[in-house]
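The block underneath contains the structure these notes are about, expressed in structure tokens.
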Amino acid sequence: MAIEMTAVRIMSPYFGSSIFIWTNILGVIMVALALGYYYGGKLADKYPRPQVFYFIVLMASVIVLALPFIATPLLEYLSSVTGSSPAAWVTLSLLGSLALFFVPFALLGMISPYLIRLVNREVEETGRVAGRIFAVSTFGSIVGTFLPTLVTVPLLGVQRTIVIFGAALCVIAAIGLNRRVITVMLIILTGLGIAFAPLMMADKNVIAYSDSPYSYIEIRKYLNYTVLSFSKTRAVQSMQPESGYLTGGFYVDYYSVLPAFACPSRECDIGVIGVAGGTIPRLLDHYYAEKKDLAIDGIELDPAVTRLAKKYFDYSIPTLTTHHQDGRIYLRHTDKIYNLIVLDAFQEVEIPPHLSSREFFQIAKDHLATDGIMAINIMTSGSQNSQYQRFLSTLQEDFAQVWDIGLNRSSNHLVLASNTDEPLTDRLAAAEIDNELSNLRSYIYQNMVRPDPIHATLITDDRPLTQILYDTMLYQSEI
């Protein structure tokens, strides 16, 4: 279970952690275990000797120990040829899962039936023996589920976690084979593996990375920017230039215009769901801290992201208070009312389903001022995409006006929703704004489109915008 729990984390830096990756990995593991159970039972009847059993354990554990060193070059190569095609991405991630996990899990699957055959001496006790073994096995699975998630991955990382659990199996197998020299060698190799396995993830442009219970996080240098990502190959979560505040075209630049017309008075309370490296709060603080009574609540799920952001980004933002909580849970339990709520909580490239349903938008609406605005960053292949139409229709159900702005040279769309009677275009045109932001204001004003009422299936908690539907919205023009 420990290896199974970390399997997705091995793949996620290269292919993300979508439902497709989970399906590929779990499917491969289940097939491998089924074959292991079957052939393990046959082999146990043919060779009911402990030495054979321990040799199988040894082979499986050696392969597990090698996973951190095999995975990096293999997945680097596979992910480099995926391009932007979802089909290629899913297919190549399946090949990666097969190459990495099929053989070790087939061998691990042979252990249970083999152990039952070795321990069972009388037919009358078969049920009792099998029950004890499955009970102990299940208890081990519980430990293997919680220990990596709560202890070893946060403290040591994915690579070292795999080495530690692989080494534990190796030592058990070596002791069972009564090979002291092998045991000593394995202990030495384990120490070397723990020391050097994380280096296999290294990249000359990567300045820091971390594994948290929520995601793989990577900080790297890209041209003149510091970039935060949740994978090696896909979306950028935060981007900060070496000097200045605007990024020169990244979607966050457009959010620097929003407080100018979301906060018509001096008071300006803003909630940002999905802080990551703090790019949006940093922009808002820079342009509005002196002009308004600005207070920003940043809601970031993962404390590890904030720790890295404070070290590698300019996270000294006086008006920002960071809350480590899920955005929906935070809004359900706070009494705060905001002039502006920004939703920028991407998980790879998609918004988590519970943050894109009508029920969530109703919660957010309850925390908006009468003339408040909700701003949502979402990615789509086009405004006419049927799933994107569902998204807009869902917002129209509860907000008086919804505006769609396709951002320049990007798949990102800025969606604005409000219950105010005054058209947002009028408020934007009348807003006082910094000269440095005038071009961004002009772009938003010229590209604001207020869709006619859309009659589409609403996105709800019961009928969510799932991973498959989101990928349809991102990569296809029609479903």
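The values are calculated or read from the model by the stated rules, or taken from the named source; none is laboratory data. All values reported here derive from a predicted model rather than from experimental measurement. Please note: Cβ atoms are built from the backbone with ideal geometry, for glycine as well, and neighbour counts cover all protein chains shown.
Do the conditions hold for Ala60, that is, is it touching a residue at least 60 places away in the same chain (Cβ under 8 Å), in a helix (DSSP H, G or I) and of a type outside the set (D, E, K, R)?
The answer is yes for Ala60.
Output the residues belonging to the range 332-349 that are at pLDDT below 95 and hydrophobic (A, V, I, L, M, F, W, C).
Within the range 332-349, Ala345, Phe346, Val349 qualify.
Of the residues Phe53, Phe15, Phe105, only one is crowded, with 17+ Cβ neighbours inside 10 Å and more than 25 Å from Arg160 (Cα to Cα); which?
Phe53
So, Pro148, is that one of a type outside the set (A, V, I, L, M), part of a helix (DSSP H, G or I), modelled with pLDDT of 75 or more and within 19 Å of the chain's Cα centre (by Cα) or not?
yes
Out of the residues in the range 221-231 that are in contact (Cβ under 8 Å) with a residue 40 or more places away in the chain and crowded, with 23+ Cβ neighbours inside 10 Å, state the one that is nearest to the chain's Cα centre (by Cα).
Phe230
Given the conditions (1) farther than 20 Å from Ser438 by Cα; (2) modelled with pLDDT of 80 or more, report the number of the one that Ser215 does not fulfil.
(2)
Regarding the range 240-253, can at least one residue be identified that is modelled with pLDDT of 95 or more, over 24 Å from the mean Cα position of the chain (by Cα) and of a type in the set (S, T, N, Q)?
Within the range 240-253, not a single residue is modelled with pLDDT of 95 or more, over 24 Å from the mean Cα position of the chain (by Cα) and of a type in the set (S, T, N, Q).
Consider the range 345-404. How many of its residues are touching a residue at least 12 places away in the same chain (Cβ under 8 Å) and assigned to a loop (DSSP other than H, G, I, E, B)?
Residues that pass the stated criteria total 16.
Residue by residue, here is whether (1) surrounded by fewer than 13 Cβ atoms within 10 Å (Cβ to Cβ); (2) in a helix (DSSP H, G or I); (3) of a type in the set (Gly, Ala, Ser); (4) at pLDDT 95 or above holds:
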| position | (1), (2), (3), (4) |
| --- | --- |
| Glu422 | no, no, no, no |
| Arg427 | no, yes, no, no |
| Glu432 | yes, no, no, no |
| Asp452 | yes, no, no, no |
| Leu469 | no, yes, no, no |
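Looking at the range 122-135, is at least one residue in a helix (DSSP H, G or I), of a type in the set (D, E, K, R), buried (at least 19 other Cβ atoms within 10 Å of the Cβ) and at pLDDT 75 or above?
No: zero hits.
For Val64, are the conditions met, namely being under 25 Å from the mean Cα position of the chain (by Cα), modelled with pLDDT of 85 or more and not charged (D, E, K, R)?
Criteria met by Val64.
Test each condition in (1) free of Cβ contacts under 8 Å to residues at least 60 places away in the same chain; (2) closer than 30 Å to Arg9 by Cα; (3) surrounded by 19 or more Cβ atoms within 10 Å (Cβ to Cβ) for Leu283 and report the one that comes out false.
In the conditions (1) free of Cβ contacts under 8 Å to residues at least 60 places away in the same chain; (2) closer than 30 Å to Arg9 by Cα; (3) surrounded by 19 or more Cβ atoms within 10 Å (Cβ to Cβ), Leu283 misses (2) alone.
Out of all the residues in the range 2-57, which are at negative phi, within 26 Å of the chain's Cα centre (by Cα) and not in a helix (DSSP H, G or I)?
Residues satisfying the conditions are Ser17, Ser18.
Could you grab the pairs with beta carbons closer than 8 Å, sequence gap of 6+ or different chains, first residue in the range 315-331 and more than 19 Å from Met374 (Cβ to Cβ), second one of a type in the set (S, T, N, Q) and buried (at least 17 other Cβ atoms within 10 Å of the Cβ)?
Tyr315/Thr306; Thr322/Thr306; His324/Thr306
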